[in-house]
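Here is the structure we will look at.
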Amino acid sequence: MSNASFRKMKTLPEQYFFRYAWPCTEVILQKNKITKERFEQLKKAAESGETPSRDVLEDTYKTAFENLRKIAKNRGKDYFDIDVINEYFELGGHNDFINSGGGEFGHAPESMKDICRIIYGTVMDIKDDIIKVSYKNNVRMCRNIYKLKLRKGDTVRIHYGYVVDKIK
């Protein structure tokens, strides 16, 4: 299902945000910006389809919310508006932030920037919940944590090591 369909199903902004933000959580843990306990709680939520509270999301994904607030201010909208979240994750705001060297990306190697970008790819192979995705002459092994119904040849959106959406 595409995110357009995902949003049309009356998705809560928290659900939509968390779907895209979860892949960054391990990096946040590795940088000691959250506790192992918080990480495990979020992992359980992602794997079971639960949605953390806004307070937990804002406390965990601080940089993303700084960027959402900027977009929201420019658009005259609430930062938890679906269109603002869409602009950040799907329409390039997240990738623009990475490409501009924002936050800690100013010192990150290109390989780290590449894995952190949200990109489109094509499903090449599926083994259980591991999806082999090709993109821009690269291949990445990704988890299908959201249990999307995927087939070889599907176009997907990936973030870090996760398939976050099926486009077609």
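A few comments on the model shown:
- Answer residue from region 72-102, given it is in a helix (DSSP H, G or I) and more than 17 Å from the chain's Cα centre (by Cα) and is nearest to Cys24 (Cα to Cα) among those: Ala72
- Residue match in region 19-29 (condition: assigned to a helix (DSSP H, G or I), over 17 Å from Arg157 (Cβ atoms) and not hydrophobic (A, V, I, L, M, F, W, C)): yes
- Odd one out for Gly76, checked against (1) surrounded by fewer than 13 Cβ atoms within 10 Å (Cβ to Cβ); (2) touching a helix residue (DSSP H, G or I) at 6+ places or on another chain (Cβ under 6 Å): (2)
- If you go through region 33-51 and pick out every residue that is part of a loop (DSSP other than H, G, I, E, B), at pLDDT below 95 and within 27 Å of Ala108 (Cβ to Cβ), you end up with 1.
- Index of the failed condition, Thr60 passing every other in (1) at pLDDT 95 or above; (2) surrounded by fewer than 20 Cβ atoms within 10 Å (Cβ to Cβ); (3) hydroxyl-bearing (Ser, Thr, Tyr): (2)
The values are calculated or read from the model by the stated rules, or taken from the named source; none is laboratory data. No experiment lies behind these values; they were computed from the predicted model shown. Quick reminder, even Gly has a Cβ in these numbers, built from the backbone with ideal geometry, and neighbours come from all protein chains shown.
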